[in-house]
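Below is one structure; the comments refer to it alone.
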Amino acid sequence: MAEVVGLLHPGEMGAAIGAVLRQRGVEVVWASAGRSDATASRAGAADLTDAGSVQTLAREADVILSVCPPHAAREVAAAFGGFDGVYVDANAVSPATVRAIAGSFTRFADGGIVGPPPTEDSPTHLYLSGAEAAHVAALFAESPVDARVVSDSVGDASAVKATYAAWSKGSAALLLAIREVARAEGIEETLRAEWHESIPSLADRLASAERSAQAKGWRWVGEMDEIADTFAAAGEPDGFHRAAAEVFRRYERMF
């Protein structure tokens, strides 16, 4: 495929998506300036081409794909004012945030990623909306990134992501908080025994929540705040996810 995709920045998810594009013959460039050795290692393993700086990346790329922690989405986008290709914000931000970001670009696609990094055995769902959604989806045709066009309205793909994660990550935070209350009251083992008897799936769910919070809780703080903003904009209580952000913020401090 002739188009060049610029990837910002190859974290675990971004690098895996970049590797999928490379396997499809798409040239993928990234910018090493200011990035860590770990990021460079992931980019190398994914066979990405180093453009050096974001300025060079912007000149070389036809499509820019932003996959970064949600709290950085606006700052990352601001570095590409005047970019005349397709800018794809695939970050876990609220519909209002992504609409604000879209205002800086002539060609834009809203993206929401659901699932772990893609593999042949475990596809990742990439929801897309906006006028350029079909264009971006075509880059991933018949690949482990299952690109799904939601609509031509910017914000819809981010709404899918926000409402999905409102449960998957919000309920994980609730379980972690419940466990801490049980510990504080000295009845954790009794609660675990009741779970084992009446809701046996919760033990594994709690263990998974703990592992994920230790590894990724630092980046879920901003995501919970964005979800809370999404709820508030819809006239629903936002306290659920403000509290979830605080749960993950504690893990951020611990690890």
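The values are calculated or read from the model by the stated rules, or taken from the named source; none is laboratory data. Here the structure is a predicted model, which is why all the values come from computation and not from measurement. In this analysis, Cβ positions are derived from the backbone assuming ideal geometry, glycine residues included, and neighbour counts consider all displayed protein chains.
Would you point out which residue out of 211, 192, 205, 179 is over 30 Å from residue 93 (Cβ atoms), basic (Lys, Arg) and out of contact with any strand residue (DSSP E or B) (no Cβ under 6 Å at 6 or more places or on another chain)? I'd like the intermediate steps shown before the answer.
Values: 211 fails: over 30 Å from residue 93 (Cβ atoms); 205 fails: over 30 Å from residue 93 (Cβ atoms); 179 fails: over 30 Å from residue 93 (Cβ atoms).
Answer to the check: 192.
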**Request:** Restrict the check to segment 57-72 and report whether at least one residue is under 20 Å from the mean Cα position of the chain (by Cα), within 17 Å of residue 219 (Cα to Cα) and of a type in the set (A, V, I, L, M).
**Result:** yes
**Request:** Inspect all residues belonging to segment 11-30 and state whether any of them is assigned by TED's automatic domain parsing to the domain that holds residue 70, over 22 Å from residue 122 (Cα atoms) and among the small types (Gly, Ala, Ser).
**Result:** no
**Request:** Give segment 41-56 a look and list any residue that's assigned to a helix (DSSP H, G or I) and of a type in the set (Ser, Thr, Tyr), or say none.
**Result:** 41, 56
**Prompt:** Somewhere in segment 115-122, is a residue under 24 Å from residue 218 (Cβ atoms) and buried (at least 20 other Cβ atoms within 10 Å of the Cβ)?
**Reply:** yes
**Request:** Specify the residue that is nearest to the chain's Cα centre (by Cα); the eligible residues are those in segment 6-30 that are closer than 18 Å to residue 73 by Cβ and part of a strand (DSSP E or B).
**Result:** 8
**Asked** In this structure, is residue 216 modelled with pLDDT under 95, surrounded by 15 or more Cβ atoms within 10 Å (Cβ to Cβ) and assigned to a helix (DSSP H, G or I)?
**Response** yes
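Residue 112: surrounded by 22 or more Cβ atoms within 10 Å (Cβ to Cβ) and of a type in the set (Gly, Ala, Ser), yes or no?
Values: surrounded by 22 or more Cβ atoms within 10 Å (Cβ to Cβ): yes; of a type in the set (Gly, Ala, Ser): yes.
In short, yes.
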**Item:** Among (1) under 25 Å from residue 158 (Cα atoms); (2) more than 19 Å from the chain's Cα centre (by Cα); (3) part of a loop (DSSP other than H, G, I, E, B) - the single one residue 33 does not satisfy
**Value:** (1)
**Fill in**
Of the listed residues (192, 253, 179, 242), the one being loosely packed, with under 15 Cβ neighbours inside 10 Å and either more than 17 Å from the chain's Cα centre (by Cα) or at pLDDT below 95 (or both) is 253
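Sort through 102, 72, 61, 77 and tell me the only one that's under 23 Å from residue 23 (Cα atoms), surrounded by 15 or more Cβ atoms within 10 Å (Cβ to Cβ) and assigned by TED's automatic domain parsing to the domain that holds residue 12.
Only one candidate passes the filter, namely 61.
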**Item:** Residue in segment 149-164 that is among the charged types (D, E, K, R), without any contact (Cβ under 8 Å) to a residue 60 or more places away in the chain, surrounded by fewer than 17 Cβ atoms within 10 Å (Cβ to Cβ) and closer than 21 Å to residue 107 by Cβ present
**Value:** yes
**Prompt:** Between residues in segment 237-248 that are under 12 Å from residue 165 (Cα atoms) and residues that are among the small types (Gly, Ala, Ser), which pairs lie under 6 Å by C-beta distance while being six or more apart or on different chains?
**Reply:** 241/170; 241/228; 244/170; 244/173
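Which residues, counting only those in segment 104-134, are among the β-branched types (Val, Ile, Thr), more than 17 Å from the chain's Cα centre (by Cα) and at pLDDT below 95? Give the derivation first.
First, pick out the residues of segment 104-134 that are among the β-branched types (Val, Ile, Thr): 106, 113-114, 119, 124.
This time we only want the ones that are more than 17 Å from the chain's Cα centre (by Cα), so: 106.
Once the filter is applied, which keeps residues that are among the β-branched types (Val, Ile, Thr), more than 17 Å from the chain's Cα centre (by Cα) and at pLDDT below 95, segment 104-134 yields nothing.
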**Message:** Can you pull out every residue in segment 33-48 that is within 22 Å of residue 87 (Cα to Cα) and exposed (fewer than 15 other Cβ atoms within 10 Å of the Cβ)?
**Reply:** 33, 34, 47
